[in-house]
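Heads up: the structure comes next, in structure tokens.
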Amino acid sequence: MKLTEVIKNAKKPLFSFEILPPLKGENIDHLFEAIEPLIEFNPAFIDVTYHREEYIYKNHPNGLLQRYNTRKRPGTVGICAAIMNKYKIEAVPHLICGGFSKEETEDALIDLDYLGVENVLVLRGDAIKSEGSFVPEPNGHNYAIDLLHHVVNLNQGHYWGQEKSDNTGTNFCIGVAGYPEKHFEAPNFKKDIQYLKQKVDAGADYIVTQMFFDNQKYFDFVKTCRAEGINVPIIPGLKPLTTKKQLSILPSIFHIDLPNDLVDAVESCKNNQEVAQIGAEWAIQQSKELLSFGVPCLHYYSMSKSAGVKKIAQGVF
Ligand code: FAD
């Protein structure tokens, strides 16, 4: 079922979470072991991230370094099918522009359609780690909105490079990303919201936010979106802190601010077990406040580890 329908039919706020495909060569059962402890909270959907290729270098006996291009976490499409088959829960694959030609993207969408997947989250993706800025594939999409247009066209039966007009269209409900603390490349917040509005006007059905730790950022974001005429559901994304290291890692990767009180509390922890407890308590407080604000769903970045999210779900749902 489309997420917009799921949200519309829901009698109470929904619970959902995001997982990562396992590293290539890891057993899929580990992923299922991370999903299963959360099933009792009736997740409305499970997002599955997509990971672009990375360069790896191998030393040759002759002293030369050879560069390989490899996808370390393949399997998004297959995992979505497995989740829907095994748990009868909606799976939402993330689709990214980076590393894909339009043809490859379309083939993935056709596979998803045949598998009965009705929801996709369309994203641009980030630059390859060794490259300074995002470079689209030759014949790939530049921005999330270009990929979004592609999905909207497919929904209308217009396939890439085809003149035929009697095609069967796909039927995807389309989500996009939103940034309560601004996307780091946007020149300013206003411009970022304008680009987000363009995505919604082009057919995005809902928004999922980047993680944030200060609810006021989300409240202000929603207020600005509504004032700009963005009226689709805005699902807040939350992440439980679990390690001290995340105090520096999360701001550098996700370009977000951590509130002082949270930083102080984490710094005073003796070990990561204590950090995980503080992280869960913070996320529970955030979740409860968001629920009283009237959010349609609480979405958690689990990183395929269930313990933190389970603790939160026990305190909230
Ligand atoms: P876009 O909407 O294309 O925006 C990218 C930047 O360009 C922004 O600064 C925006 O302001 C600007 N912009 C947008 N449109 C235009 C335009 N027409 N002209 C000029 N500038 C424009 N990454 C992954 O690789 N895999 C994942 O699975 C994944 N999942 C994610 C899930 C969520 C909920 C979120 C919030 C992010 C996720 N990301 C993922 C990260 C995401 O790919 C990056 O944040 C990426 O840098 C931006 O993606 P986007 O879809 O927001 O891009």
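The values are calculated or read from the model by the stated rules, or taken from the named source; none is laboratory data. What you are looking at is a predicted structure, and each value in this text was computed from that prediction instead of being measured. So basically every Cβ, Gly included, is an ideal-geometry build from the backbone, and we count neighbours across all protein chains shown. Side chains included, ligands, DNA and RNA excluded: accessible areas come from the protein's heavy atoms. Shrake-Rupley method; radii C 1.70, N 1.55, O 1.52, S 1.80 Å.
Just so you know, in the range 184-209 the residues that are over 14 Å from L148 (Cβ atoms) and open to solvent by 30 Å² or more (accessible area, probe 1.4 Å) include one that is nearest to the ligand (Cβ to nearest atom), and it is E185. Checked across the range 111-133, the condition of being part of a helix (DSSP H, G or I) and under 20 Å from R71 (Cβ atoms) holds for at least one residue. May I ask you to list the residues in the range 87-105 that are open to solvent by less than 40 Å² (accessible area, probe 1.4 Å), within 28 Å of A186 (Cβ to Cβ) and outside any loop (DSSP other than H, G, I, E, B)? Passing the criteria: V92, P93, H94, L95, I96, S101, T105. Total residues in the range 179-197 satisfying the condition of being of a type outside the set (K, R) and assigned to a loop (DSSP other than H, G, I, E, B): the figure is 9.
Among the residues of the range 152-171, not a single one is within 12 Å of the ligand (Cβ to nearest atom), touching a residue at least 24 places away in the same chain (Cβ under 8 Å), open to solvent by less than 10 Å² (accessible area, probe 1.4 Å) and touching a helix residue (DSSP H, G or I) at 6+ places or on another chain (Cβ under 7 Å). When residues in the range 194-220 are screened for being within 18 Å of the chain's Cα centre (by Cα) and under 14 Å from E181 (Cα atoms), 8 of them pass. The number of residues in the range 289-307 being part of a loop (DSSP other than H, G, I, E, B), on the phi < 0 side of the Ramachandran plot and out of contact with any helix residue (DSSP H, G or I) (no Cβ under 7 Å at 6 or more places or on another chain) comes to 1.
Here's a check for you: in the range 111-135, which residue that is open to solvent by less than 40 Å² (accessible area, probe 1.4 Å) and away from the ligand (no atom under 12 Å from the Cβ) is nearest to L3 (Cα to Cα)? Only one residue fits best here, namely N119. Determine if the range 260-275 includes at least one residue that is in contact (Cβ under 8 Å) with a residue 40 or more places away in the chain and open to solvent by less than 60 Å² (accessible area, probe 1.4 Å). Yes, the range 260-275 has at least one match. For P37, the conditions (1) surrounded by 12 or more Cβ atoms within 10 Å (Cβ to Cβ); (2) closer than 24 Å to P296 by Cα; (3) out of contact with any helix residue (DSSP H, G or I) (no Cβ under 6 Å at 6 or more places or on another chain) are fulfilled apart from (3). Of the residues making up the range 256-273, those that are charged (D, E, K, R) and not in a helix (DSSP H, G or I) are D257, K270. Residues that are more than 16 Å from the ligand (Cβ to nearest atom), at negative phi and acidic (D, E) are absent from the range 42-60 altogether. For the range 40-65, a tally of residues being open to solvent by 80 Å² or more (accessible area, probe 1.4 Å) and either at pLDDT below 95 or of a type in the set (A, V, I, L, M) (or both) returns 7.
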